[in-house]
Amino acid sequence: MNIIGLAGWSGAGKTTLIKRLLPALVARGVSVSTLKHAHHRFDVDHPGKDSFEHRLAGAREVLVSSGQRWALMHELRGAPEPSLAFLLDKLSPVDLVVIEGFKGDPHPKIEVHRLANGKPFLHPQDADIVAIATDSGEAFPGLERAALEDAEAIADIALRRARPLAEIRARLDATREKV
């Protein structure tokens, strides 16, 4: 299992890019999973649904299953937010995991940058950024660059620059030991 991240400010187009990137990767025969960090409260179900009511009533985990999919929701109930390493262990094996967010963690990332967003680039402060997907015509010495709309070129970069889970885990563990 290889890992690549997409990092950028809110509004840069990370989710839009993932929606174009995934079909480009799958068309190449790559099995892909995604792991997304949310910075706010979120729900995957809604009031009135049984799973929502089970969580509201105090269940720590609620697993919902059907003939089409299954989903496991885990309530932290005041426990600390889990680490990226912990969450990666919860995924089934695939060829590539695309991480959206977790920009402070040490894994290879493609910076997603949209000029209209008016935000600074992340790469000058993040040595783990290996490429940039942007609508800027600017060149970035030492970094691969792709047009923000070019999902095929970004898929090429993602496959080239992704690193094995074991390598990422070692870096995550080393970072944790320094804290």
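Any read-out appearing in this document is the output of simple, stated calculations on the displayed coordinates, not a laboratory observation. Note that the structure is a prediction, hence the values are computed from the model and not measured. Note that we place each Cβ from the backbone using ideal geometry, even for glycine, and neighbour counts take in every protein chain shown.
Does residue 175 qualify as being surrounded by 19 or more Cβ atoms within 10 Å (Cβ to Cβ) and either more than 24 Å from residue 29 (Cα to Cα) or of a type in the set (S, T, N, Q) (or both)?
For residue 175, the condition - surrounded by 19 or more Cβ atoms within 10 Å (Cβ to Cβ) and either more than 24 Å from residue 29 (Cα to Cα) or of a type in the set (S, T, N, Q) (or both) - is not met.
Residues 99, 168, 157: which one is touching a residue at least 24 places away in the same chain (Cβ under 8 Å), crowded, with 17+ Cβ neighbours inside 10 Å, touching a His at 6+ places or on another chain (Cβ under 7 Å) and part of a helix (DSSP H, G or I)?
Exactly one of 99, 168, 157 is touching a residue at least 24 places away in the same chain (Cβ under 8 Å), crowded, with 17+ Cβ neighbours inside 10 Å, touching a His at 6+ places or on another chain (Cβ under 7 Å) and part of a helix (DSSP H, G or I), namely 168.
Of all residues in segment 50-65, which are among the small types (Gly, Ala, Ser), within 12 Å of residue 77 (Cβ to Cβ) and surrounded by 15 or more Cβ atoms within 10 Å (Cβ to Cβ)?
Hit for segment 50-65 is 59, nothing else.
Applying the selection to segment 54-84, what residues are part of a strand (DSSP E or B) and under 21 Å from residue 97 (Cβ atoms)?
70, 71, 72, 73, 74
So, of the residues in segment 123-154 that are part of a loop (DSSP other than H, G, I, E, B) and among the hydrophobic types (A, V, I, L, M, F, W, C), which turns out to be nearest to residue 28 (Cα to Cα)?
148
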